[in-house]
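I have placed the structure first, in the form of C-alpha cells, so that the comments after it can refer back to it.
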Amino acid sequence: MTSHRSFVTAHVLDATAGTPAAGVPVALADGGGEVLARAVTDADGRVGELGPERLPSGTYRITFGTGEWFAARGQETFYPQVQVEVRIDEAQAHYHVPLLLSPFAYSTYRGS
C-alpha cells in the first residue's frame with residue numbers, strides 16, 4: 001500500500017492528446033469555500049500533495065483551472081474551470097480524484 005502525505009490527491013489527463021496534463025492549477029476548498037490548499041499538476045499530470053494528511057468528514061470542492069491550462073496552449077475550451085464536489089469520510093484512508101479532460105468534455109471518478 002502506498003503511503004500518502006495528503007488525504008486528497010488528483011491526476012489530470014489530456015484525453016485529446018492522450019498525455020498527462022502538466023501545469024494544471026488545482027485547489028481544494030472546504031464546504032464553506034475556504035481554500036485549504038493549492039497545487040499545480042506535475043509532469044505526470046499528478047498532484048500528490050493537496051491539503052493535509054487528514055480532513056474531517058464533510059463536503060469538499062476540488063477546482064481544476066482548466067481555462068488557464070487551455071489558454072496557455074492557445075486552445076479554446078468550454079470549461080473555464082472544473083469543480084468537483086466530493087463527500088469525504090475521515091475514516092477512509094485516502095481520496096484520489098482523476099480528471100480526464102478535453103476542450104469540450106470532461107470525466108471524473110474516485111480513483112485509488
Which condition number in (1) under 24 Å from residue 104 (Cα atoms); (2) over 14 Å from the mean Cα position of the chain (by Cα); (3) assigned to a loop (DSSP other than H, G, I, E, B) is the one that residue 71 fails? (3)
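Among the residues of region 41-50, which ones are at pLDDT below 95 and buried (at least 21 other Cβ atoms within 10 Å of the Cβ)?
Of everything in region 41-50, just one residue is at pLDDT below 95 and buried (at least 21 other Cβ atoms within 10 Å of the Cβ), namely 50.
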Here are some conditions: (1) within 13 Å of residue 24 (Cβ to Cβ); (2) part of a strand (DSSP E or B); (3) over 10 Å from the mean Cα position of the chain (by Cα). Residue 98 meets all but one. Which one does it not meet? (3)
Scan of region 11-44 for residues that are over 16 Å from residue 105 (Cα atoms), β-branched (Val, Ile, Thr) and not in a loop (DSSP other than H, G, I, E, B), ordered by number: 26, 35, 40
Single match in 85, 68, 53 (criterion: touching a residue at least 12 places away in the same chain (Cβ under 8 Å), surrounded by fewer than 17 Cβ atoms within 10 Å (Cβ to Cβ) and out of contact with any strand residue (DSSP E or B) (no Cβ under 9 Å at 6 or more places or on another chain)): 53
Filtered residues of region 88-108 (kept if loosely packed, with under 14 Cβ neighbours inside 10 Å and at pLDDT below 95): 89, 90, 91, 92, 93
Search result, residues across region 71-82 that are among the hydrophobic types (A, V, I, L, M, F, W, C) and loosely packed, with under 15 Cβ neighbours inside 10 Å: 71, 72, 78
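Matching residues to (1) more than 19 Å from residue 100 (Cβ to Cβ); (2) loosely packed, with under 13 Cβ neighbours inside 10 Å; (3) of a type outside the set (Phe, Trp, Tyr):
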{"site": "15", "(1), (2), (3)": "no, no, yes"}
{"site": "20", "(1), (2), (3)": "no, no, yes"}
{"site": "23", "(1), (2), (3)": "no, no, yes"}
{"site": "33", "(1), (2), (3)": "yes, yes, yes"}
{"site": "38", "(1), (2), (3)": "yes, no, yes"}
{"site": "59", "(1), (2), (3)": "yes, yes, yes"}
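The values are calculated or read from the model by the stated rules, or taken from the named source; none is laboratory data. Since this is a predicted model, take the numbers as computed values, not measurements. Because the Cβ atoms are built from the backbone with ideal geometry, glycine has one as well, and the counts that use them run over all protein chains shown.
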